[in-house]
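Enquirer: The structure under discussion is supplied below as structure tokens; questions concerning it will follow.
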Amino acid sequence: MAIYNPKSLKAEEFINDAEILDTIAYAEANKNNAELIDSILDKARPKKTPEGITCSGLSHREAAVLLACEIPEKVHAMRALAEEIKLSFYGNRIVMFAPLYLSNYCVNGCVYCPYHLKNKHIARKKLTQEEVRNEVIALQDMGHKRLAIESGEDPVNNPIEYILECIKTIYSINHKNGAIRRVNVNIAATTVENYKKLKEAGIGTYILFQETYHKESYLELHPTGPKHDYDYHTEAMDRAMEGGIDDVGLGVLFGLEKYKYEFIGLLMHAEHLEAVHGVGPHTISVPRVKRADDIDPDVFDNSIPDEMFEKIIACIRIAVPYTGMIISTRESEELRGKVLNLGISQISGASRTSVGGYTEEERPHDSEQFDVSDQRTLDEVVNWLIDKGHIPSFCTACYREGRTGDRFMSLCKTGAIQNCCHPNALMTLTEYLVDYASDDTKQKGFALIEKELEKIPNEKARRIAKENVEAIKASDRRDFRF
Ligand code: SF4
Ligand code: SF4
């Protein structure tokens, strides 16, 4: 039997089934242990140090106890702590991005995804470079600066050369004042060689969802194709880091397996990356199984109600305070509104989850990967965020300044990142308002910026940020950053 070892490079040792089951039992045994729960919450609380605010985070065992606890006042305290941590490290900023689907050709058999090979009636599409160009122009014209490219796995139709060519095209387009400044990549597990090529192409984060950490379920849910290989998939982030990619994004598809198992597996994966590479995941995504073409989410009997989903998000925020958390338009406006306060730091806006969707007048449904619950335009989402007291941010500065991986994390861990994030959010929001916003959003946005500029603690940074905001308003000068 495999022994748990977070430093191991073998999937069955760093995501260890026996350790997960033991952790679930430990959490169950301690879910009413108020003293232990209080001590875990105390440990996780942000602390002031001479360098700034720091947070210790939690082990998967400690976090599992919080997740199991049902004592109402403790659950309330968890939510409050998640919000406190969110505000300490991310302030009221929310980073915006959009997915861009390049191709839905796929040789895998994932039973929860309509792009699976056996689906013969879904329209298969692969964007030409001209179509990539048109999609990117449409996205730039909305105001997006940060994309996550998505593609099925198909070595014939979507080889790595195709993905690299698309990235090159995306970075080369500057329509009016538009630019895509960070391309994150969500493609199938691949070789160290290919990860090196992605690194050379200048990608931001490499994102790969584990889908489920439960090996037996994984093998059933991925019956055919290269993705069937659980170990190869689970060890992909180690190969990506070996290939030089500093920022990796984890995620599970909640609803496939029991949430406690997934939650612990996710945190063990984060601990493994920290133990081996000295840097944890850059982001964690929290998608839930949704309806799509030939996929009925009701057939997966592990779906989680909203209340538990919110608790999972709060507990992840407490356990890994420095990791960005992403929620997509799979979720409704109402739920997205709630979880922004519990730790989400990035959201997508105006997403089209089909290949070529951004250039269509109407949202196309014939090649969607999942139904989009939140169907608002980017301007509506930005307007809504401002109304709720958040600062929509289009910032990509860290990546562009080489602040990735451990350099990013060490800045983040001392709280120094906030001297960059806040002014950068305000400057990039100004760009958005000047170039793309409706009159109403402009009015509210500029009022927010004026108020928020005064909160920049460092006098010099405040002065520079104010000058830059004015320069953006008065000219076509763009891309200021700290
Ligand atoms: S989840 Fe990804 S790998 Fe699986 S069928 Fe869909 S596109 Fe293909
Ligand atoms: S400064 Fe860095 S961490 Fe802050 S919002 Fe911009 S890219 Fe993200």
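The rows are residues; the columns are (1) crowded, with 20+ Cβ neighbours inside 10 Å; (2) of a type in the set (Asp, Glu); (3) in contact (Cβ under 8 Å) with a residue 24 or more places away in the chain.
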{"site": "TYR432", "(1), (2), (3)": "yes, no, yes"}
{"site": "ALA447", "(1), (2), (3)": "no, no, no"}
{"site": "PRO457", "(1), (2), (3)": "no, no, yes"}
{"site": "ARG463", "(1), (2), (3)": "no, no, no"}
{"site": "LYS466", "(1), (2), (3)": "no, no, no"}
{"site": "LYS473", "(1), (2), (3)": "no, no, yes"}
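Enquirer: Taking interchain pairs and intrachain pairs at least six residues apart, which have beta carbon atoms under 8 angstrom, with the first residue in segment 99-115 and within 22 Å of THR205 (Cβ to Cβ) and the second of a type in the set (Asp, Glu) and in a strand (DSSP E or B)?
Expert: Short answer, once both residue conditions are applied: PRO99/GLU150; LEU100/GLU150; TYR101/GLU150; LEU102/GLU150; CYS110/GLU211.
Enquirer: Looking only at segment 297-339, which residues are surrounded by 18 or more Cβ atoms within 10 Å (Cβ to Cβ) and in a loop (DSSP other than H, G, I, E, B)?
Expert: PHE300, VAL320, PRO321, TYR322, THR323, SER328, THR329, ARG330, GLU331
Enquirer: Return yes or no: is GLY280 of a type outside the set (Ser, Thr, Tyr) and either in contact with a Gly (Cβ under 6 Å, 6 or more places away or on another chain) or within 16 Å of ligand 2 (Cβ to nearest atom) (or both)?
Expert: The answer is yes for GLY280.
Enquirer: Within segment 277-321, which residues are among the hydroxyl-bearing types (Ser, Thr, Tyr) and over 30 Å from LYS118 (Cβ atoms)?
Expert: THR283, the sole residue that qualifies.
Enquirer: How many residues does segment 136-167 hold that are aliphatic (A, V, I, L, M) and within 16 Å of ligand 1 (Cβ to nearest atom)? Before the answer, list the steps.
Expert: If we filter segment 136-167 for residues that are aliphatic (A, V, I, L, M), which is where we start, we get 136-139, 142, 147-149, 156, 160, 163-164, 167.
Cutting the leftovers down to within 16 Å of ligand 1 (Cβ to nearest atom) gives us 148-149, 156, 160, 163.
Summing the residues that are aliphatic (A, V, I, L, M) and within 16 Å of ligand 1 (Cβ to nearest atom) in segment 136-167 gives 5.
Enquirer: State all residues of segment 374-399 that are part of a loop (DSSP other than H, G, I, E, B), under 14 Å from GLY337 (Cβ atoms) and within 16 Å of ligand 2 (Cβ to nearest atom); if no residue qualifies, say none.
Expert: HIS390
Enquirer: Give ILE347, ILE304, ILE326, ILE313 a once-over and let me know the one that is in contact with a Leu (Cβ under 7 Å, 6 or more places away or on another chain) and among the aliphatic types (A, V, I, L, M).
Expert: Details: ILE347 fails: in contact with a Leu (Cβ under 7 Å, 6 or more places away or on another chain); ILE304 fails: in contact with a Leu (Cβ under 7 Å, 6 or more places away or on another chain); ILE326 fails: in contact with a Leu (Cβ under 7 Å, 6 or more places away or on another chain).
Result: ILE313 is the single residue among ILE347, ILE304, ILE326, ILE313 that is in contact with a Leu (Cβ under 7 Å, 6 or more places away or on another chain) and among the aliphatic types (A, V, I, L, M).
Enquirer: Criterion first (under 20 Å from the mean Cα position of the chain (by Cα), in the same structural domain as ILE163 (by TED's automatic domain parsing) and within 16 Å of ligand 1 (Cβ to nearest atom)) does LEU127 satisfy it?
Expert: no
Enquirer: Collect the residues in segment 45-63 that are closer than 9 Å to ALA27 by Cα and out of contact with any Leu (no Cβ under 8 Å at 6 or more places or on another chain), keeping them in residue-number order.
Expert: Selection gives ARG61, GLU62.
The values are calculated or read from the model by the stated rules, or taken from the named source; none is laboratory data. Just so you know, these numbers come straight off a predicted model, no measurement behind them. Note that each Cβ is placed from the backbone with ideal geometry, even for glycine, and that neighbours are counted across all protein chains shown.
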